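Reading through the structure tokens given below for one structure.
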């Protein structure tokens, strides 16, 4: 029998959206507490309710057979996955939840990759087994290629007709029949399953024996392994990240949950393992999320590791500065409970840690510690241009958005100097819309959110020589500046150059910089309505007046010469072209290529994605103007899996109907 150490063990529920993680969270808590289904544990915010899915972490705590557990339900959508990234590194076990449909096996791959990279022990729970139409072996066969670890089936189903009515526990060698709302009924293994059960159990033992020479010897000599030794192997190999056990049941109907809880009780490692993995060599609080709680200040959600943490304890950040835990709160759904201290392994909210950030270790022994693991960085793939609807709200908006970005690592706020816009960037359209809804609910701010502008530019195709003369008589000192400029195109990417060939002082040396500034002024808005690039200008001649010439006059003359000359240089519109690296399942590559081509993109090539069986890496050139909602289309053809990385590559000429539409819109604006 397992002996508890008093530490609270943390289990993360992860997996694709719609697999039933939040339902499982509530079901496990209700079964453990021997109560009816507990509401209010998951998806309680208006943003989650409006979307019918988790948009942030759900937290719960319960006791089972005398031991305490903390559950973290991580969002399943890739758009909201950032909220769980830091938390996953700190749990003792990750339970990956998936539908019983083999066709959806690929949906688990991104989650498996992340868990495997963190080195977190994990198991798989096949939910909704009562809706399964295939067999569990087909599902495991579909899942195995996406898992680095061997998937070890702990159970096989007992079927009645087309439906799964119960299961055989291969380690216990016992049968169980589901009873809605009640513990499963133990039964003898059905005769028609005896051979299947024997084969499945032997296969399970073979998988365990790959990491146990003694068990392998027993199998080779047809000796009967000791049951306790089999359980010990399962516990050790799961904890060491050598295997991933597979269970099944139904969270909605309560099928198989007690057996799952008992398995988790035995198989989940103690908190010390997570503390070692993170590098918490002394009592520490590992922060995995922050939240601004109004009058209560900033809360840091953290896991206590390495020992107890007392309210009021002084904590040391990695940079050496000290902070104080001003309030400790246990978390269960939307409810909190203030405590004087938290046990090792406990998940708590710590009050007024204004500078805490997800992914950092706060040490209570005065030493500076950095975690061995860092949350992954997710590049934004969608953006909106935002602005307060009323100018008086500009300052409030800036403060509120900064708080949202601080809480959500998937968001980024960017001031685009080229388009003079404030861009809110994130992991998808739904992610940004949820953030704006939260902004309105919390801070009463309604913002205008528009598609970002494309930073078009223009250039010229031929050169001209032009004179610019600024002459104005005002009664006293007048204004006079006269210049002759040669304007010529430069190679793409050369930018701007200005030189002079003035002889005889026809333009005094002290005013030549003013001419250059006037030229630069004119390039800010060309004849097509956009900044002009890749232009060379040479000041060749001019004249001045001893009294009326000035810096201002020569700046105006340079600007006038450019305004007159640029339209004669055959101006042409340029659009930014970006290089995208798209990551997606190979089954969707042809559809992605079609989508890119339909957006005027150029396919550069594709290859297998390294260490991702069944995935491709697709390199493309795509106009910036075509990327705004690309992620929406990519995810629609990949069951929400695709993502990409983008960077500016070059400018390319845009002509014809599209160019006419762009210039008309610019002039109208």
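The values are calculated or read from the model by the stated rules, or taken from the named source; none is laboratory data. As the structure is a computational prediction, the values presented were derived from the model and not from experiment. Neighbour counts are summed over all protein chains in view; Cβ atoms, including those assigned to glycine, are modelled from backbone coordinates with ideal geometry.
Descriptive notes on the structure:
- The listed residues are 358, 371, 376, and the only one of them that is surrounded by 15 or more Cβ atoms within 10 Å (Cβ to Cβ), over 23 Å from residue 423 (Cβ atoms), under 21 Å from the mean Cα position of the chain (by Cα) and touching a residue at least 60 places away in the same chain (Cβ under 8 Å) turns out to be 371.
- Here the range 287-330 is the region considered, the condition is being crowded, with 24+ Cβ neighbours inside 10 Å and touching a helix residue (DSSP H, G or I) at 6+ places or on another chain (Cβ under 6 Å), and the residue that is farthest from residue 91 (Cα to Cα) is 290.
- Selection of the range 536-549 for residues being at pLDDT 95 or above and either outside the structural domain of residue 491 (by TED's automatic domain parsing) or farther than 30 Å from residue 657 by Cα (or both) yields 537, 538, 539, 540, 541, 542, 543, 544.
- Identity of the residue in the range 131-166, more than 30 Å from residue 114 (Cα to Cα) and touching a strand residue (DSSP E or B) at 6+ places or on another chain (Cβ under 6 Å), that ends up surrounded by the fewest Cβ atoms within 10 Å (Cβ to Cβ): 165
- Remark: pairs (first residue in the range 191-217, in contact (Cβ under 8 Å) with a residue 60 or more places away in the chain and assigned by TED's automatic domain parsing to the domain that holds residue 240; second residue in a loop (DSSP other than H, G, I, E, B) and surrounded by 13 or more Cβ atoms within 10 Å (Cβ to Cβ); Cβ separation under 9 Å; 6+ apart in sequence or on different chains) = 210/150; 210/242; 210/243.
- The residues of the range 596-608 that are surrounded by fewer than 20 Cβ atoms within 10 Å (Cβ to Cβ), modelled with pLDDT of 95 or more and either assigned to a helix (DSSP H, G or I) or in contact with a helix residue (DSSP H, G or I) (Cβ under 9 Å, 6 or more places away or on another chain) (or both), listed by number, are 597, 598, 599, 600, 602, 603, 608.
- Qualifying residue in the range 534-555 (condition: in contact with a helix residue (DSSP H, G or I) (Cβ under 8 Å, 6 or more places away or on another chain), in a strand (DSSP E or B), crowded, with 20+ Cβ neighbours inside 10 Å and on the phi > 0 side of the Ramachandran plot): yes
- The single residue among 98, 72, 115 that is in contact (Cβ under 8 Å) with a residue 24 or more places away in the chain, closer than 23 Å to residue 285 by Cβ, in contact with a helix residue (DSSP H, G or I) (Cβ under 6 Å, 6 or more places away or on another chain) and crowded, with 22+ Cβ neighbours inside 10 Å turns out to be 72.
- Scanning the range 407-447 for residues that are surrounded by fewer than 17 Cβ atoms within 10 Å (Cβ to Cβ) and either assigned by TED's automatic domain parsing to the domain that holds residue 627 or closer than 21 Å to residue 376 by Cα (or both) returns 412, 413, 414.
- Any hit, the range 647-664, residues being closer than 30 Å to residue 109 by Cα and either touching a residue at least 60 places away in the same chain (Cβ under 8 Å) or touching a strand residue (DSSP E or B) at 6+ places or on another chain (Cβ under 7 Å) (or both): yes
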